[in-house]
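To start, the structure itself, in structure tokens.
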Amino acid sequence: MSGYEVNFDGLVGPTHHYAGLSFGNEASTQHQNSVSNPKLAAKQGLLKMKALADLGFQQGVLPPQERPHLPMLRRLGFSGSDETVLAQVMRQSPRLLSALSSASCMWTANAATVSPSADSADGKVHFTAANLNNKFHRAIEAETTTAVLRAMFSDDRHFAHHEALPQVALFGDEGAANHNRLGGDYAKRSVQMFVYGRQEFGGETAPTRYPARQTREASEAIARLHQLDEQHTVFVQQNPAVIDQGVFHNDVIAVSNQNVLFHHQQAFYRQQQALDDVRRKMATLDSELVAIEVPTERVSVADAVATYLFNSQILTKPNGKMMIVVPEESRQHAGVWRYLNDMVGSGGPIDEIRVFDLRESMRNGGGPACLRLRVALNEQELRAVNPRVMMNGRLFATLNEWVDRHYRDRLTQDDLVDPLLLREGREALDSLTSILGLGAIYPFQR
């Protein structure tokens, strides 16, 4: 049975703004208090989804979450009407209102970890929503993320859903942003590579400037929940030195597709040993690792972070060759663009570059890889996915009209107190759940 990698991109929410909430993500902090354009952000994301769907790739849509998040504000002691709650929190803690208005769920690489049925003992696709407990504005996403995934992948004959791990530092989990799968056909067993930043029990080293968001203990728990076997699972530590340079997730320094791992020379702690472990386990599946290592002398860690070279997508084309999807920032950097062109001209597995303008997302610290959740499915499983979330010409037109009707083209932190913005957002999401056939997934709908 043949397999597919389906990319589910996050639709940017109506409250997309630049709050600089993500310490350790240098693009996020650098653009704090800039004026955002939610309408443009959503349309840039939709253009990327439609372009990849037009090229024949399986492409789906993940909806945004409800923001501002009034239930959490009430839980924190604010009371009265919705308008009163917004006014109170803006007066007492504008930063808190900003956090509870964050549209960061658009970076769906952080939404969950997904293990395909070929790798799990029970033959099901497993989903575990990430607890994202390192950042308050993201830690509140898990409940709705779980509801969204259950609505999209509802057939329990094929799909198994798990609650997020406990909301404690020991089990800090950042989802697929720290997870790779290396092998051959998407429907065949592969090696799952979990990348962690620190180990609470018995760890040797950890970053000192920026937080390591993913723990080994969390990765091990997900491997157990997803019924993965030890022979085809690898736990690799990210290089603490690059975390301290702004590499807050593995997908800022490495990306994989099938048997290819595209990574920086400084990506992993004890890198050679880690890659040898991956090679040995892939060999048991008659698969050979193709490691494309980018030397520091060609691309520095700082340039990798600035251009999001590794926060890219690598997609397998019908002819078996691969295409790399990068942000416009990679083309604008002479050294990075030169490296990319040298790579595609080298005769290796990647022979094409696609560039997308994702400026609104990039300025908040997320590139092409951040915007998508990869789900490997066989033919039966693909047919079991909610078909209304799959991108096509009709859905593209419908969602563009929806954005035009509901989104603003300018937003600052001061606008977050506007009760009209809250009503606009709820009307938008109410309409979206109907378009995508998701049912009542938001708190205000229940």
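The values are calculated or read from the model by the stated rules, or taken from the named source; none is laboratory data. Computed from a prediction, not measured in an experiment: that's the story for all the values here. With ideal geometry, Cβ positions are generated from the backbone for all residues, glycine too; neighbour counts draw on all protein chains shown. All accessible areas refer to the heavy atoms of the entire protein, side chains included, with ligands and DNA or RNA removed. Shrake-Rupley method; radii C 1.70, N 1.55, O 1.52, S 1.80 Å.
Consider segment 366-415. How many of its residues are under 30 Å from residue 73 (Cβ atoms), at pLDDT 95 or above and among the hydrophobic types (A, V, I, L, M, F, W, C)?
Residues that pass the stated criteria total 5.
What are the residue pairs meeting all of these: first residue in segment 158-187, first residue farther than 20 Å from residue 312 by Cβ and open to solvent by less than 40 Å² (accessible area, probe 1.4 Å), second residue part of a loop (DSSP other than H, G, I, E, B) and aromatic (Phe, Trp, Tyr), Cβ atoms under 7 Å, and 6 or more apart or on different chains?
Pairs that qualify, where the first residue is farther than 20 Å from residue 312 by Cβ and open to solvent by less than 40 Å² (accessible area, probe 1.4 Å) and the partner is part of a loop (DSSP other than H, G, I, E, B) and aromatic (Phe, Trp, Tyr), are 159/153.
Given (1) of a type outside the set (D, E, K, R); (2) modelled with pLDDT under 95; (3) within 23 Å of residue 268 (Cβ to Cβ), where does residue 358 come up short, assuming only one miss?
(3)
What tally of residues in segment 157-200 results from selecting those that are of a type in the set (D, E, K, R) and touching a helix residue (DSSP H, G or I) at 6+ places or on another chain (Cβ under 6 Å)?
Here is the first cut: in segment 157-200, the ones of a type in the set (D, E, K, R) are 157, 163, 173-174, 181, 185, 188-189, 198, 200.
The next check asks that each one be touching a helix residue (DSSP H, G or I) at 6+ places or on another chain (Cβ under 6 Å); those that pass are 173-174, 200.
Residues meeting the conditions: 3.
Taking interchain pairs and intrachain pairs at least six residues apart, which have beta carbon atoms under 9 angstrom, with the first residue in segment 227-247 and at positive phi and open to solvent by 20 Å² or more (accessible area, probe 1.4 Å) and the second in a strand (DSSP E or B) and not basic (Lys, Arg)?
227/115; 227/126; 227/160
Please state which one of 209, 189 is in contact with an Asp or Glu (Cβ under 6 Å, 6 or more places away or on another chain), modelled with pLDDT under 95 and of a type outside the set (Gly, Ala, Ser).
Within the list 209, 189, the selection yields 209.
Taking the condition of being touching a residue at least 24 places away in the same chain (Cβ under 8 Å), surrounded by fewer than 15 Cβ atoms within 10 Å (Cβ to Cβ) and not in a helix (DSSP H, G or I), how many residues in segment 420-446 meet it?
Residues that pass the stated criteria total 2.
Just checking, how many residues over segment 1-43 are at pLDDT 60 or above, farther than 30 Å from residue 380 by Cα and among the charged types (D, E, K, R)?
Residues meeting the conditions: 2.
Looking at segment 379-398, I want the residues that are of a type in the set (Ser, Thr, Tyr) and have a partner that is open to solvent by 30 Å² or more (accessible area, probe 1.4 Å) with Cβ atoms under 9 Å, at least 6 apart or on another chain. Which pairs are those?
398/435
Residue by residue through segment 252-283, note down the ones that are open to solvent by 10 Å² or more (accessible area, probe 1.4 Å), touching a residue at least 24 places away in the same chain (Cβ under 8 Å) and among the polar types (S, T, N, Q).
Within segment 252-283, 258, 259, 265, 266, 271 meet the criteria.
Do you know which residues across segment 351-391 are under 30 Å from residue 332 (Cα atoms) and more than 20 Å from the chain's Cα centre (by Cα)?
If the condition is that a residue be under 30 Å from residue 332 (Cα atoms) and more than 20 Å from the chain's Cα centre (by Cα), then 351, 352, 353 are the ones that fit.
Residue under question is residue 327, and the condition is that it be open to solvent by less than 10 Å² (accessible area, probe 1.4 Å) and modelled with pLDDT under 95; does it hold? Explain how you work it out, then say what you get.
Details: open to solvent by less than 10 Å² (accessible area, probe 1.4 Å): yes; modelled with pLDDT under 95: yes.
So residue 327 fits the description; yes.
Among the residues of segment 399-419, write down those that are closer than 19 Å to residue 88 by Cβ, open to solvent by less than 80 Å² (accessible area, probe 1.4 Å) and assigned to a helix (DSSP H, G or I).
Matches in segment 399-419: 413, 415, 416, 417, 419.
Of (1) assigned to a helix (DSSP H, G or I); (2) in contact with a strand residue (DSSP E or B) (Cβ under 7 Å, 6 or more places away or on another chain), residue 50 satisfies all except one. Which?
So residue 50 meets the others, but not (2).
Keeping to segment 379-397, report how many residues are open to solvent by 50 Å² or more (accessible area, probe 1.4 Å) and either under 28 Å from residue 18 (Cα atoms) or not in a helix (DSSP H, G or I) (or both).
1
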